[in-house]
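Q: The structure's right below; bear with me while I get my questions together.
The values are calculated or read from the model by the stated rules, or taken from the named source; none is laboratory data. All figures in this text were calculated on a predicted structure; none of them were measured in a lab. Cβ atoms come from the backbone with ideal geometry, glycine included; neighbour counts cover every protein chain shown. The protein model used for the area step is the full one, side chains on, heavy atoms only, and it has no ligands, DNA or RNA in it. Shrake-Rupley method; radii C 1.70, N 1.55, O 1.52, S 1.80 Å.
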Amino acid sequence: MRYADDTVILADSAEKLQGLMDVVSRASEEKGLSINIAKSVTMVFSKTEQPPRCSTMINGQELKQVSSFNYLGSLLTSDSRSEQEIKRRIGIGKTAFQNLRRVITNRKLSIATRKRFLKTYIWSTMTYGAET
């Protein structure tokens, strides 16, 4: 999956992932591009508590394996569950509400106006990228 300069490469085995990384690395170099190894990570999706180790190399350097990372505003975790993402989004919504609390609780504004603020600034912030 690719969005602008953010790329996700999926494979069902470590060997296939390494092969895909080699192809991407080689094609990038041919076009004068390089992969930022400091920003590149691997993650194994697994239902077990401790996912298996996946050693992926680019130009002789091993990529760090993580248990979660943000991709296009959504938190992906190695257990493929959504609990952490939901809690994170609720926290984002609470922060947005706190920032606009004076406006939303201002009784001088009509309920309709306050609802528009709520939907526009808080709900949209909370649900941003939720479809992914």
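Q: How tilted is helix 83-104 with respect to the longest principal axis of the chain? Cα atoms for both, answer in degrees (0 to 90, nearest 10).
A: Taking the Cα atoms of the chain, the angle to 83-104 is about 30 degrees.
Q: So, R0 is 30 Å and r is the distance between the beta-carbons of F69 and A112; what FRET efficiency does that work out to, to 0.05?
A: 0.15
Q: Hey, another quick one. Need the list of lysines near K108 for cross-linking: C-alpha distance under 30 angstrom, and skip anything on the same chain fewer than eight residues off.
A: Those lysines meeting the cut-off are K94, K119.
Q: Please determine, in degrees from 0 to 90 and to the nearest 10, the orientation of helix 14-30 with respect to the longest principal axis defined by the Cα atoms of the chain, where the helix direction is its Cα long axis.
A: Roughly 90 degrees between the two axes.
Q: Shifting gears a bit: Kirkwood hydrodynamic radius (Cα pairs, Å) of the chain?
A: 17.8 Å
Q: Taking all protein chains in place and a 1.4 Å probe, what share, in percent, of the accessible surface of region 6-71 do carbon and sulfur account for?
A: 52 percent
Q: What accessible area per residue, rounded to a whole number of Å², is obtained for region 55-132 using a probe radius of 1.4 Å?
A: Solvent-accessible surface per residue comes out at 74 Å².
Q: Pull up the cross-link candidates among the lysines for K47, meaning alpha carbon to alpha carbon under 23 Å and not fewer than 8 places away within one chain.
A: K16, K64, K87
Q: Please work out the Cα center distance from region 84-103 to region 56-81, rounded to the nearest Å.
A: Using only Cα atoms to place each centre, the spacing works out to 26 Å.
Q: Also, quick follow-up: Helix-derived [θ] at 222 nm for the chain: sum -39500 (n - 2.57) over DSSP H runs of at least 4, divide by residue count, nearest 500?
A: -12000 deg cm²/dmol
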